[in-house]
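Enquirer: Okay, here's the structure, questions in a sec.
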Amino acid sequence: DFAGCLVVHTTGGLTAFIAAAVLGPRKGRFYYDGDGRRCATDFPGHSVALKVLGVLILWFGWYGFNTGSVYYITNKNQALLAQNAAVNTTLAAASGTISALLAKAWLAERETGEAIFSLTDALMGCLSGLVSITGGCAYMESWASIIVGFISGLLYLAGSRLMVRIGIDDAVDAISCHMI
């Protein structure tokens, strides 16, 4: 496990799950329709621009974290590990972004008849790509990091929908991003 990915992200996801379960949903988040089915009210954030800025700051910091986990680059092999970590970090984040964006648009088109491109889901797909590549970023081939990021974007969307379905109100989708 390169860079302690398993411990860091499992702890974050599990903590978010426990906190969301203990605190319960925000007032007005879930309601029951006429057939007795639980429905969710969407609570959009107040500033998408700040979300974009936050994700860009995290993405930039991920380079220091993933490449910095090589510890030193005194020989050619260590430098190649740091280089591979940086490239794979970029590719996984980008493919996670694209997969979450396109899959959400496809799902929205199937549900409502109109494709909706969600920047928020694309940003969370980016973060899930970063989370998923951290464990093997220095040792994977570049093509594999694209696949890992792509799958992580899809898993994020599935996890986010699952949390709503089971009645867990994860305000920032930390569970879906870190544990799924």
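The values are calculated or read from the model by the stated rules, or taken from the named source; none is laboratory data. Keep in mind it's a predicted model, so treat the numbers as computed, not measured. Glycine also receives a Cβ, built like all others from the backbone with ideal geometry; neighbour counts cover every protein chain displayed. Just the protein is used for accessible areas: all its heavy atoms, side chains included, with ligands, DNA and RNA removed. Shrake-Rupley method; radii C 1.70, N 1.55, O 1.52, S 1.80 Å.
Enquirer: Would you check if Ile146 is in contact with a helix residue (DSSP H, G or I) (Cβ under 6 Å, 6 or more places away or on another chain), open to solvent by 50 Å² or more (accessible area, probe 1.4 Å) and under 23 Å from Leu6 (Cβ atoms)?
Expert: It is true that Ile146 is in contact with a helix residue (DSSP H, G or I) (Cβ under 6 Å, 6 or more places away or on another chain), open to solvent by 50 Å² or more (accessible area, probe 1.4 Å) and under 23 Å from Leu6 (Cβ atoms).
Enquirer: Something else about it: So which of Leu80, Leu6, Leu14 ends up being without any contact (Cβ under 8 Å) to a residue 60 or more places away in the chain, part of a helix (DSSP H, G or I), open to solvent by 50 Å² or more (accessible area, probe 1.4 Å) and out of contact with any Leu (no Cβ under 9 Å at 6 or more places or on another chain)?
Expert: Details: Leu6 fails: without any contact (Cβ under 8 Å) to a residue 60 or more places away in the chain; Leu14 fails: without any contact (Cβ under 8 Å) to a residue 60 or more places away in the chain.
Being without any contact (Cβ under 8 Å) to a residue 60 or more places away in the chain, part of a helix (DSSP H, G or I), open to solvent by 50 Å² or more (accessible area, probe 1.4 Å) and out of contact with any Leu (no Cβ under 9 Å at 6 or more places or on another chain) holds for just one of Leu80, Leu6, Leu14, which is Leu80.
Enquirer: Taking region 3-53 only, how many residues are touching a Phe, Trp or Tyr at 6+ places or on another chain (Cβ under 7 Å) and under 30 Å from Val70 (Cα atoms)?
Expert: 1
Enquirer: Mind telling me which of the residues Leu123, Leu127, Leu107 ends up being in contact (Cβ under 8 Å) with a residue 24 or more places away in the chain and out of contact with any helix residue (DSSP H, G or I) (no Cβ under 7 Å at 6 or more places or on another chain)?
Expert: Just one listed residue meets the conditions, Leu107.
Enquirer: Working only within region 155-180, note down all residues that are of a type in the set (Asp, Glu) and under 9 Å from the mean Cα position of the chain (by Cα).
Expert: So in region 155-180, the residues of a type in the set (Asp, Glu) come out as 169-170, 173.
Result: Asp173, single match.
Enquirer: OK, next. So is Ala19 assigned to a helix (DSSP H, G or I), open to solvent by 40 Å² or more (accessible area, probe 1.4 Å), within 21 Å of Ser160 (Cα to Cα) and free of Cβ contacts under 8 Å to residues at least 24 places away in the same chain or not?
Expert: Yes, satisfied.
Quick grid of which residues meet (1) in a helix (DSSP H, G or I); (2) open to solvent by 80 Å² or more (accessible area, probe 1.4 Å):
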| site | (1), (2) |
| --- | --- |
| Thr74 | no, yes |
| Ala94 | yes, no |
| Ser99 | yes, no |
| Leu107 | yes, no |
| Ile116 | no, yes |
| Gly159 | yes, no |
| Val164 | yes, no |
| Gly167 | no, no |
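Enquirer: Then there is this: Collect the residues in region 51-72 that are part of a helix (DSSP H, G or I), open to solvent by less than 70 Å² (accessible area, probe 1.4 Å) and under 25 Å from Trp143 (Cβ atoms), keeping them in residue-number order.
Expert: Selection gives Val55, Trp59, Trp62, Tyr63, Gly64, Asn66, Thr67, Gly68.
Enquirer: Would you mind finding the one in Ala138, Ala115 that is in contact (Cβ under 8 Å) with a residue 12 or more places away in the chain and more than 19 Å from the chain's Cα centre (by Cα)?
Expert: Values: Ala115 fails: in contact (Cβ under 8 Å) with a residue 12 or more places away in the chain.
Going through Ala138, Ala115 in turn, just one is in contact (Cβ under 8 Å) with a residue 12 or more places away in the chain and more than 19 Å from the chain's Cα centre (by Cα): Ala138.
Enquirer: Within region 24-50, track down each residue that is open to solvent by 90 Å² or more (accessible area, probe 1.4 Å) and free of Cβ contacts under 8 Å to residues at least 60 places away in the same chain. Spell out the reasoning first.
Expert: First, pick out the residues of region 24-50 that are open to solvent by 90 Å² or more (accessible area, probe 1.4 Å): 27, 31-32, 35, 37-38, 42, 44, 46, 50.
Correct list: Lys27, Tyr31, Tyr32, Asp35, Arg37, Asp42, His46, Leu50.
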